Amino acid sequence: MTEVIERAASKVPAVTLGFWIIKILATTLGETGGDTVTMTLDWGYLAGTALFLSLLVVLVILQIAAKKFHPALYWATIIASTTAGTTMADFADRSLGIGYAGGSLLLLTSVIATLGIWYWSLGSISVASVSTPKVEAFYWIAITFSQTLGTALGDWTADDTGLGYDGGALLFGAGLAVLVVLYFTTNISRVFLFWAAFILTRPLGATVGDFLDKPVSDGGLALSRPLASAVIAALIVACIVALPQRAGQHPGRLETAP
């Protein structure tokens with residue numbers, strides 16, 4: 001008997017260089033966009049969190065209800081998760097007084113717990129398996145926690161360690177470079193490397209976003225948050241149009257043939 005594994009399209013994009021470029025841009029937009037609402041427009045962290053979290057819930061529902069991969073819908077959901085992550089992390093770190101280190105530890109625990117429950121429940125945390133509502137729910141919960149963790153981690157690195165925003169960006173960029181080297185030179189689990197890279201792109205985007213819009217006295221460039229957000233959003237749209245956007249593949253139904 002010969003086993004034949006059918007391949008079916010998943011509802012998340014293939015993990016390519018284009019995916020990572022758009023992901024980093026999206027995380028940077030999450031920082032500048034979140035700060036635009038909470039700081040520039042003076043909504044505050046609680047109201048900003050309520051706004052972006054509500055938008056995220058709506059988009060996740062639409063994403064799960066969709067029958068196939070839609071690039072615009074997927075990336076809109078990613079941007080909503082990273083923007084909600086920015087405001088949620090800022091609310092926990094600053095308004096609740098948990099602090100950057102405490103917030104980072106709490107959120108890291110949440111990410112690990114989500115991935116652990118996902119693996120225990122379904123036997124895999126590979127994004128190649130994202131094709132059913134249950135898996136998608138785990139996927140978006142893990143992503144939202146990782147985006148929030150990235151904001152807290154980026155702020156902790158930039159503010160509490162003394163590295164500043166540019167130093168923090170270099171640190172996380174170097175971390176991603178190490179993961180790339182490991183990907184091409186070792187047999188380390190690709191699933192582990194994906195989630196490690198996914199988490200690290202968020203503090204990279206957070207520190208780059210803060211570097212762009214924070215005051216010069218704080219080590220930033222003091223650029224307009226709304227303007228920076230608009231430019232980054234335009235770059236994301238251009239990348240979605242110009243770079244190949246195809247659904248990833250996942251193992252489908254297992255059949256046997258004589």
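The values are calculated or read from the model by the stated rules, or taken from the named source; none is laboratory data. All values derive from a computational prediction rather than experimental measurement. Counting neighbours? That spans all protein chains shown, and the Cβs are built from the backbone with ideal geometry, glycine included.
Quick check on my filter: what residues within segment 10-57 are touching a residue at least 12 places away in the same chain (Cβ under 8 Å), of a type in the set (A, V, I, L, M) and part of a loop (DSSP other than H, G, I, E, B)?
Ala14, Val15 - these are the residues of segment 10-57 that are touching a residue at least 12 places away in the same chain (Cβ under 8 Å), of a type in the set (A, V, I, L, M) and part of a loop (DSSP other than H, G, I, E, B).
May I ask you to say which residue of Ser131, Ser110 is at pLDDT 85 or above and either surrounded by fewer than 19 Cβ atoms within 10 Å (Cβ to Cβ) or in a loop (DSSP other than H, G, I, E, B) (or both)?
Ser110
So is Ile117 among the β-branched types (Val, Ile, Thr), more than 18 Å from Ser104 (Cβ to Cβ) and outside any helix (DSSP H, G or I) or not?
No: the conditions fail for Ile117.
Using the structure shown, decide if Thr148 is out of contact with any strand residue (DSSP E or B) (no Cβ under 8 Å at 6 or more places or on another chain) and either within 24 Å of Thr87 (Cβ to Cβ) or surrounded by 15 or more Cβ atoms within 10 Å (Cβ to Cβ) (or both).
yes
Using the structure shown, decide if Leu41 is surrounded by fewer than 16 Cβ atoms within 10 Å (Cβ to Cβ) and of a type outside the set (Lys, Arg).
So Leu41 fits the description; yes.
This table checks each residue for (1) modelled with pLDDT of 85 or more; (2) exposed (fewer than 14 other Cβ atoms within 10 Å of the Cβ); (3) not charged (D, E, K, R).
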position: Asp213; (1), (2), (3): no, no, no
position: Leu221; (1), (2), (3): yes, no, yes
position: Pro226; (1), (2), (3): yes, no, yes
position: Ser229; (1), (2), (3): yes, no, yes
position: Ala238; (1), (2), (3): yes, yes, yes
position: Ala242; (1), (2), (3): yes, yes, yes
position: Ala257; (1), (2), (3): no, yes, yes
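Any idea which residue in segment 151-198 is surrounded by the fewest Cβ atoms within 10 Å (Cβ to Cβ), counting only those that are polar (S, T, N, Q) and either more than 28 Å from Thr87 (Cβ to Cβ) or modelled with pLDDT of 90 or more (or both)?
Asn187
Just to check your reading of the model, which residue among Gly97, Gly123, Gly102 is surrounded by fewer than 19 Cβ atoms within 10 Å (Cβ to Cβ), free of Cβ contacts under 8 Å to residues at least 60 places away in the same chain and within 13 Å of Val191 (Cβ to Cβ)?
Gly123
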